[in-house]
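Reviewing the structure listed below.
Readers should treat all values here as calculations from the given coordinates under stated rules, not as data from a laboratory. Remember, it's a predicted structure, so these values are computed and weren't measured experimentally. Cβ sites come from the backbone with ideal geometry, for glycine too, and all protein chains shown count toward neighbours.
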Amino acid sequence: MHWTEHTCKAFTLSYDDGVESDLHLLELLQTYGVKCTFNLNSGLGAESCWDYQGFPVRRLDLANNIHRYAGHEIAVHGSRHLDPTQLSAGELESEFTADKAALTKLCGTEPVGAAYAYGAYNDRVVEKLHSIGIKYCRTVEPSHAFVPQTDLLRFRPTCHHKDEALMPLLERFLALPDEGTPQIFYLWGHSYEFDGDGNWDLLERVLERVAGRKDVFLGTNREVLL
Ligand SMILES: [Zn+2]
């Protein structure tokens, strides 16, 4: 957490699944100068598609698109996006260890973070991630808070972008004094939700509020949490 030497507030994003809608998200992040951590599934590609609110969701072919995430952080989300609590020891190995190795090969950097597919985890899964060098892993349970957390392998995000408390929480965060205890605003979601829900403007409102502020460090999860 080197940023705490300069300011006491940090904002970070966490978006999952590596889908085509990430491309528009990346454009907006570029426009506003905001960093994100993308949680990717190395074993799934363009053949993996589904429907969200009538919007056809397709994963990106990572081998041909990984360069688009340059400047952001890539983190583990499970090779095949399986519920890790349902996996045997051998299956956990291919879901996490192989995913980390494949993402390392794709990006040239070893991932240190992860997000639980379906938000599913238990002590056995946490221990597996710890054993392969993962330093933090995001759950889906909102904290509605900004204080730094100690149990980073059970990290609770501030909120999902569809949480009705999002904008009030953000305004409360921005109004905090810029001295004292470090404070972190951590927002997560899926970029395809903005397409399916027709609300990219919601994200733009958030990015507009945090962009260019001297009192808020804009970093990836790794930069903000570790
Ligand atoms: Zn996911």
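Could you look through the stretch 113-128, keep only residues that are part of a helix (DSSP H, G or I) and within 11 Å of the ligand (Cβ to nearest atom), and pick out the one that is surrounded by the most Cβ atoms within 10 Å (Cβ to Cβ)?
Residues of the stretch 113-128 that are part of a helix (DSSP H, G or I), as a first pass: 117-119, 123-128.
Applying the additional criterion that residues be within 11 Å of the ligand (Cβ to nearest atom) yields 117-119.
On the way: ALA117: 22, TYR118: 13, GLY119: 13.
Only one residue tops the list, namely ALA117.
Just give me the residues in the stretch 203-224 being hydrophobic (A, V, I, L, M, F, W, C) and surrounded by 17 or more Cβ atoms within 10 Å (Cβ to Cβ), in sequence order.
Passing the criteria: LEU203, VAL206, LEU207, VAL210, VAL216, PHE217, LEU218, VAL224.
Kindly list, by first and then second residue, each pair from a residue in the stretch 175-199 that is touching a residue at least 60 places away in the same chain (Cβ under 8 Å) to a residue that is within 16 Å of the ligand (Cβ to nearest atom) and part of a helix (DSSP H, G or I), limited to pairs with Cβ atoms under 6 Å and residues at least 6 apart or on different chains.
SER191/ASP22; SER191/LEU25
What are the residues in the stretch 131-140 that are away from the ligand (no atom under 15 Å from the Cβ) and either exposed (fewer than 13 other Cβ atoms within 10 Å of the Cβ) or among the hydroxyl-bearing types (Ser, Thr, Tyr) (or both), if any?
Correct list: SER131, GLY133, TYR136.
So is THR150 polar (S, T, N, Q) and either more than 29 Å from LEU176 (Cα to Cα) or part of a strand (DSSP E or B) (or both) or not?
no
Going through the stretch 1-13 one residue at a time, which ones are under 20 Å from TRP188 (Cα atoms) and touching an Asp or Glu at 6+ places or on another chain (Cβ under 9 Å)?
Across the stretch 1-13, the qualifying residues are MET1, LYS9, ALA10, THR12.
Considering only the stretch 12-71, state which residues are within 16 Å of the ligand (Cβ to nearest atom), under 16 Å from the mean Cα position of the chain (by Cα) and hydrophobic (A, V, I, L, M, F, W, C).
LEU13, VAL19, LEU25, CYS36, PHE38, LEU40
Taking GLU141 and the conditions (1) more than 17 Å from the chain's Cα centre (by Cα); (2) part of a loop (DSSP other than H, G, I, E, B), which numbered condition does it fall short on, given that it satisfies the others?
(1)
Report whether or not HIS72 is in contact (Cβ under 8 Å) with a residue 40 or more places away in the chain, closer than 17 Å to ILE134 by Cα and surrounded by 17 or more Cβ atoms within 10 Å (Cβ to Cβ).
Details: in contact (Cβ under 8 Å) with a residue 40 or more places away in the chain: yes; closer than 17 Å to ILE134 by Cα: no; surrounded by 17 or more Cβ atoms within 10 Å (Cβ to Cβ): yes.
It is false that HIS72 is in contact (Cβ under 8 Å) with a residue 40 or more places away in the chain, closer than 17 Å to ILE134 by Cα and surrounded by 17 or more Cβ atoms within 10 Å (Cβ to Cβ).
Output yes when any residue across the stretch 201-212 is touching a residue at least 12 places away in the same chain (Cβ under 8 Å), away from the ligand (no atom under 16 Å from the Cβ), in a helix (DSSP H, G or I) and of a type in the set (Val, Ile, Thr), and no when none is.
Checked the stretch 201-212: at least one residue is touching a residue at least 12 places away in the same chain (Cβ under 8 Å), away from the ligand (no atom under 16 Å from the Cβ), in a helix (DSSP H, G or I) and of a type in the set (Val, Ile, Thr).
Out of (1) under 14 Å from the mean Cα position of the chain (by Cα); (2) among the aromatic types (Phe, Trp, Tyr); (3) within 16 Å of the ligand (Cβ to nearest atom); (4) buried (at least 16 other Cβ atoms within 10 Å of the Cβ), the odd one out for TYR186 is which?
So the condition that TYR186 fails would be (3).
Pull up the stretch 88-101, narrow it to residues that are of a type outside the set (Lys, Arg) and crowded, with 19+ Cβ neighbours inside 10 Å, then point me to the one that is nearest to ASN64 (Cα to Cα).
ASP99
For the stretch 87-121, how many residues meet the condition of being farther than 19 Å from ARG138 by Cβ and not β-branched (Val, Ile, Thr)?
Adding up the residues that qualify gives 12.
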